[in-house]
Structure formats: C-alpha cells, structure tokens
Amino acid sequence: MNAGPGSHTGNQDSGGGDNSTIGTQLRAARKQCNLGVEQVARELHLDRAIIEALEDDNQAALPAAIFVQGYVRSYARLVGLQADELLRSYDEQALQPPPLSVIGSSRRVPRYRLFTTRQLRNVVLVILAAILVWMAYPLVERFIEDRADMGDNRVPGQLELPPVMDAPRPFE
C-alpha cells in the first residue's frame, strides 16, 4: 500500500503549481490512493463515464460547468487534494460558452389571422344583440303606436270610462 499520510503532500504541492491538467492531477491522486475508477464512481455516486471524462479532461462529455465544479470538489476531497486550488484551475481551463447573439426571427406571418377568444366573444355578443333588437322591434313599434293612439283622445285631467254595453233584460 503506497497510500500513506505523506503520499498526498507531493500531490498537494503540485495541485495548483504545475501545468498539469485537473484530470491528470485527479488520476495521479486516485492511483496513489489505490482506488479504481469504479470505486471512485461508487463513492461519489456518479457514472463511470463522468469519472473517466474528468480524468481525460473531456469537456464535451461532461455536463454544465456548475455540476462539474461539484464533481471536482467531491473528487478532490475523496483523494485528498485541495479542492479550492483545483476549482481555480478548472475555472481557468474551462471552456467558455460562446456569447449569445440575436438572430432575426424566421417565423412566417400567417396570411389569415385567427380571432382571439376576446374578439370572438365580442362578435357573438354583437350578433345576439342584433337578433334581440330585430325580434323586439315589432313589439316596440306596436307599443309606440298604441301610445300614440291613446294620446290623441285623452284630455289631461279627465278619466276615461269604458263604454257601457247594453245587456239583455231577462224579464221583459
């Protein structure tokens, strides 16, 4: 067993000072601790492919940088490296995403615009109001005519009595 208390000091000194990549530092520390890739993956609850991608510095096979930072921190703690130094190195080595750019919309404007629900509701209400006025018009017209006929014969202040009908007398 090569893993002893003094075996990590060499790695810790070379953790942030030399030009080796994070992956090579993690692999060397793992080998010094006599750990296999499967053991590290099991301890960190990660897939073996992620551990291999970390050790190979394969950025394309790794998820977003925020996740990788957590993986590097946990891996460094497991093998006894300084996590802060490795994370600083990772931030320097990490690929920066390309800047966002605005591209014109390629959406085609439809020829016929459909009604919104509010517009459709308003059209239906206008149609219903028109039907109601059309059906009520004869009643209103008759009411107005009746009022006009009553107004000509009436004199203000006089009460009209209904006409008296002559009823047949039973004993005549």
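Each value in this text was obtained by applying a stated rule to the coordinates, not by laboratory testing. In this text the structure is predicted, and so the values were computed from the model without any measurement. With ideal geometry, Cβ positions are generated from the backbone for all residues, glycine too; neighbour counts draw on all protein chains shown.
A few notes on this one:
- Linear extension gain, Ile127 paired with Glu160, 0.36 nm per residue minus alpha-carbon span: 7.5 nm
- Stretching the chain fully between Arg111 and Asp47 yields a gain of 17.9 nm (0.36 nm per residue, less the alpha carbon separation).
- If you take all other residues with their beta carbon under 11 Å from the beta carbon of Tyr90, and give Lys and Arg +1 and Asp and Glu -1, the sum is -3.
- For the pair Met135 and Asp84, label points projected 7 Å from Cα toward Cβ lie 8.2 nm apart.
- Overall form of region 7-93 per C-alpha gyration tensor (a/c, 1.5; a/b vs b/c): oblate
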